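The block underneath contains the structure these notes are about, expressed in structure tokens.
The numbers here are math on the coordinates, done by the rules we state, and not lab data. In this text the structure is predicted, and so the values were computed from the model without any measurement. All Cβ positions, even for glycine, are placed from backbone atoms using ideal geometry, and neighbour counts span all protein chains on display.
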Amino acid sequence: MHLVLLLLHVGGAVAALVAAASALRAQPGSLTHRRAGRVYVISWVILTVAGFILGAADPDISSFEVLNALGMACVVIAMTAIWFKRRLGRAWLKTHYGWMLNSTAFLVIATLNQVLPRVGLSYPDWVFWLMVAAPFFVLPGVIARYDARYSPPKRSRARG
């Protein structure tokens with residue numbers, strides 16, 4: 001049972017990483033983007049459920065379980081923006097891509113911190129925390145680029 005859950009968790013993470021890359025490369029709103037997004041959400045559900053079941057064996061809460069929960073919460077918020085598109089108006093798009101990028105960051109952080117030690121790269125604890133904090137410094141710039149790309153052009157006022 002443990003091996004099956006581990007394979008589901010890792011498989012879900014790999015599928016989510018591939019789907020995220022596909023969604024980011026595809027034209028927003030295109031069929032490819034939407035399909036990749038569906039795979040991404042389903043993969044997150046699989047990796048989250050499997051991860052929580054695996055983590056339930058230990059009474060302590062690990063940092064990976066926290067990343068798992070935060071990442072899934074980001075996915076839910078991003079999907080809620082799509083479901084309530086009409087109510088949110090144009091704000092739905094910024095909400096959607098902002099939270100999807102955050103969920104991808106949590107996925108990458110957790111993946112790096114699981115893979116790097118397993119391939120023989122050891123590092124001190126502060127490097128882990130640097131990886132956790134890095135998205136908070138990097139993502140605002142990435143999101144600002146998306147804002148510039150998808151925000152409606154500002155109209156200049158005629159003076160006279």
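A compact table of results
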| quantity | calculated |
| --- | --- |
| Matching label, Rg/Rh (Cα atoms, Kirkwood Rh) computed from the structure shown, candidates [x] 1.05; [y] 1.15; [z] 0.99 | [x] |
| Choice from Gly12, Gly89, Gly55 with maximal GNM fluctuation in the chain (Cα, 10 Å cutoff) | Gly89 |
| Helical mean residue ellipticity (222 nm; -39500 (n - 2.57) per DSSP H run of 4+; nearest 500) of the chain | -28000 deg cm²/dmol |
| Charged-residue dipole, Cβ positions (Lys, Arg, Asp, Glu), the stretch 2-150 about Cα centre, Debye nearest 20 | 1040 |
| In the stretch 63-143, trypsin sites (Lys or Arg not before Pro) in a DSSP loop with at most 12 other beta-carbon atoms within 10 Å | Arg90 |
| Mean Cα-pair separation over length for the stretch 1-40, i.e. relative contact order, pairs under 8 Å, 6 or more apart, % | 38 |
